[in-house]
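No lab work stands behind these numbers, since they all come straight from the coordinates. Because the structure is a prediction, the values reported are computed rather than measured. For neighbour counting, all protein chains shown are included, and Cβ atoms are generated from backbone atoms with ideal geometry for every residue, glycine included.
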Amino acid sequence: MDLPIIYHSDYIAPLPPGHRFPMSKFKQLYELLLDNRVVYPEQFHLPERPPSALIELVHTPEYVQAYCEGKLDDKAQRRIGLPWSPALVNRTCVAVGGTILTAKLALKQGLACNTAGGTHHAFPNYGSGFCIFNDLAIAARYLQKMGLAKKILIVDLDVHQGDGTAVIFADDTSVFTFSMHCENNFPGTKQKSDLDVPLPIGMEDDLYLQTLANYLPNLLSQIKPDIVFYDAGVDTHIDDKLGKLALTDTGIFKREMQVLTTCIQGGYPVACVIGGGYADDMKSLVWRHSLLHRAASQVYHQFHL
């Protein structure tokens, strides 16, 4: 069996011309993985749109209903930063389904990667920073509800703090939230993850990887999670528009190899999402996101999962 990759053509919804959220990256990532033969067509799995009841494992029914029906007020809508449309509602829900499927396949096969996901700024009753529903949190709650996992570790290496995820699991010892992010960056008000590692502006590859190595192995041995959710945001890159750190392509690939190898060697299954990444040069951005799937393919074969 090959590494499972999750994708749906509904991961793309139309946005107004010039919008700064790089919506087209999801389809381009899918195409690049196929063109470069990182992934073959038979490795792709198609997610389903989950029922509202699953989304409501994390979000309030009032918020879910208001968003899905297009009834959020202007202020709440502006905080999300994406103009509402029925296509975007569907895209949001299908992407959540993608992370749920990624988690189920990771438990079965040891490792699985979504080609979207990582909407960690979504709080129980509102969205923020291009994040509407928190796919990581919903998938974690789903696994627990179905009795598929008890103890969960969320490793969030997006350049921005996983503030929504931190709040959702603040009083829940069964889910451990670890966020390593740029200190002086969005969100302006940081929340309290179980472990926050704020990084200075301009941090480069070697120090970044060393910092990660100081925390991840110890966390795994302390927590002994049934599954690890990995948010592999590439907005840590030196050329990212919203990043402020200074990782190179090589540094990001090494990071992915480091996270996946450390987890898989310890016997911990990993469900990966691609997280944030923002650039005018779409080709370079899509390449950076593909580093996760390249590393995952390598690790998957290396450990004969």
| At what distance in nm do the modelled label points of Arg79 and Asp35 sit from each other, each positioned 7 Å from its Cα along Cα→Cβ? | 3.9
| request: Let me know the charge dipole size of the chain about its Cα centre in debye, to the nearest 20, where only the beta-carbon of Lys, Arg (+1) and Asp, Glu (-1) is charged. | output: 380
| request: Work out from phi, with θ = phi - 60° and the Karplus expression 6.51 cos²θ - 1.76 cosθ + 1.60, the ³J(HN,Hα) of each residue of the range 246-262, listed in order in whole Hz, and give x for Gly and Pro. | output: 9, 6, 9, 4, 4, x, 5, 4, 4, 4, 4, 4, 5, 4, 5, 5, 4
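Can you give the extra length, in nm with one decimal, that the chain gains between Glu204 and Glu42 once fully stretched, where that is 0.36 nm per residue apart less the Cα-Cα distance? All intermediate terms of the calculation are to be shown ahead of the outcome.
Numbers: separation 162, 0.36 × 162 = 58.32 nm, distance 3.72 nm.
Gain on stretching Glu204 to Glu42: 54.6 nm.
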| Contour minus Cα-Cα distance for Ala213 and Met282 (0.36 nm per residue) | 21.8 nm
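Once you have a ≥ b ≥ c as the square roots of the Cα gyration tensor eigenvalues for the range 9-60, tell me rounded if a/c is under 1.5, and otherwise prolate or oblate according to whether a/b is larger than b/c. Could the numbers behind the result be given before it?
Details: a/c = 3.23, a/b = 1.29, b/c = 2.50.
It is oblate, given that a/c is not under 1.5 and a/b is not larger than b/c.
Please give the peptides 213-221, 278-286, 119-127 ranked by average Cβ packing (other Cβ atoms within 10 Å per residue), highest first, as a rough proxy for protection.
Numbers: 213-221: 14.3, 278-286: 16.1, 119-127: 23.6.
Most protected by this proxy first, the peptides run 119-127, 278-286, 213-221.
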| field | Calculated FRET efficiency for the pair Ile238/Met1, C-beta based, R₀ 35 Å, to 0.05 | value | 0.45
| said: Given axes a ≥ b ≥ c from the Cα gyration tensor, I'd like to know whether the range 1-148 is rounded (a/c under 1.5), prolate (a/b larger than b/c) or oblate. | reply: oblate
| note | The set of residues whose placed amide H lies less than 5 Å from the amide H of Val270, leaving out same-chain residues fewer than 5 positions away, is Leu111, Ala112, Val228
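Please find the FRET efficiency linking Ala53 to Gln258, where r is the Cβ-Cβ separation and R0 is fixed at 41 Å, and quote it to the nearest 0.05.
Working: r = 37 Å, r/R0 = 0.91.
According to the calculation, E is roughly 0.65.
Roughly speaking, what is the stretch gain from Met23 to Thr250, that is 0.36 nm per residue apart minus the C-alpha to C-alpha distance, in nm to one decimal? Walk me through the intermediate numbers first.
Details: separation 227, 0.36 × 227 = 81.72 nm, distance 2.45 nm.
Stretched fully, the Met23-Thr250 segment lengthens by 79.3 nm.
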| message | What's the longest uninterrupted piece of the chain once you rule out the GluC sites (Glu not before Pro) that are loop residues per DSSP with at most 15 other Cβ within 10 Å? | response | 184-305
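In the neighborhood of Ser52, defined by Cβ-to-Cβ distances under 12 Å, what is the net charge if each Lys or Arg adds +1 and each Asp or Glu adds -1? Walk me through the numbers on the way to the answer.
Details: positive: Arg49; negative: Glu56, Glu62, Glu69.
Around Ser52, the surrounding residues sum to -2.
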| query | For the chain, which cysteines have no disulfide-compatible partner, meaning no other cysteine Cβ under 4.7 Å? | reply | Cys68, Cys93, Cys131, Cys182, Cys263
| said: Can you give me the long-range amide H partners of Val197? Hydrogens built in the peptide plane at 1.01 Å from N, cutoff under 5 Å, separation of 5 or more residues or another chain. | reply: Ser179, Met180, His181
| request: Could you list Val228, Val299, Val64, Val175 in order of exposure, starting from the residue whose Cβ has the fewest other Cβ atoms within 10 Å? | output: Val64, Val299, Val175, Val228
| task | Rank Ala295, Tyr278, Ser221 by how far each Cα sits towards the positive end of the charge dipole of the range 210-305 (+1 on Lys, Arg Cβ; -1 on Asp, Glu Cβ) and give me just the farthest. | result | Ser221
| note | Measuring from its Cα centre, the range 222-305 shows a charge dipole (+1 at each Lys and Arg Cβ, -1 at each Asp and Glu Cβ) which, in debye to the nearest 20, is 180
| trypsin sites (Lys or Arg not before Pro), restricted to the range 13-57: which are DSSP loop and have at most 12 other Cβ atoms within 10 Å? | Arg20, Arg37
| ³J(HN,Hα), Karplus 6.51/-1.76/1.60, whole Hz, each residue of the range 274-282, x for Gly, Pro | 8, x, x, x, 9, 7, 6, 7, 4
| said: Once you place label points 7 Å from the Cα toward the Cβ at Gln302 and Met146, how far apart are they in nm? | reply: 2.8
